[in-house]
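Since the structure comes first, as structure tokens, the remarks are kept for the end.
The values are calculated or read from the model by the stated rules, or taken from the named source; none is laboratory data. For clarity, every value in this text was computed on a predicted model and none was experimentally measured. Methodologically, a virtual Cβ is constructed for each residue, glycine included, from the backbone with ideal geometry; neighbour enumeration extends over all protein chains shown. These area figures cover heavy atoms from the full protein model, side chains too; ligands, DNA and RNA do not enter into them. Shrake-Rupley method; radii C 1.70, N 1.55, O 1.52, S 1.80 Å.
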Amino acid sequence: MKKMVTLFLIFIGIAGFYVAFNKITEETIKNYEPISYDEIISKTKDQRDFILFIKKDGCIHCENVEPIINEAAKMTNIDILAITANKEKEQNSLVNKFEISLYPTIIFFKKGIERARIVGEFDNQELQKMIGELKYEPK
């Protein structure tokens, strides 16, 4: 009887760990697409519509807005692309070309041309307002 209770408790523990692990994994899935500096330049030359999320490793404000970016990626048909500035060998080119002064920076492109940006931490309402104003299509 004691062995059955012990086995039952072990089974419950393993099941609980599995559920918790899956929940954590689901929450950390990124719905935006990582991109390189060269790919950004290519998309602007190709006159594409996209939203660029420029972040930096170790930036708490970047981490705070990541769930907002992920939710927007699920809700719109626009490509939401992300680049981690301090992981790019072209970091200086990126910072200079797009005049990055703070992280995170969100740049909204229409036909390859910057139309708007949000600098610093933002909330979902601010992001959705900008997406609506620029007439990006919902899913």
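Figures for the structure shown
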read-out	value
Test: residue in region 116-123 that is in contact (Cβ under 8 Å) with a residue 24 or more places away in the chain and over 15 Å from the mean Cα position of the chain (by Cα)	no
Sole residue being within 23 Å of Lys45 (Cα to Cα) and at pLDDT 95 or above, chosen from Ala116, Ala73	Ala116
Extreme residue, nearest to Val65 (Cα to Cα), among residues of region 90-139 that are of a type in the set (Ser, Thr, Tyr) and surrounded by fewer than 17 Cβ atoms within 10 Å (Cβ to Cβ)	Ser101
Cβ pairs under 7 Å, 6+ apart, first in region 40-55 and touching a residue at least 40 places away in the same chain (Cβ under 8 Å), second assigned to a helix (DSSP H, G or I) and open to solvent by 30 Å² or more (accessible area, probe 1.4 Å)	Phe50/Lys43
Region 45-54: number of residues that are open to solvent by 30 Å² or more (accessible area, probe 1.4 Å) and either over 20 Å from Ile118 (Cβ atoms) or at pLDDT 95 or above (or both)	3
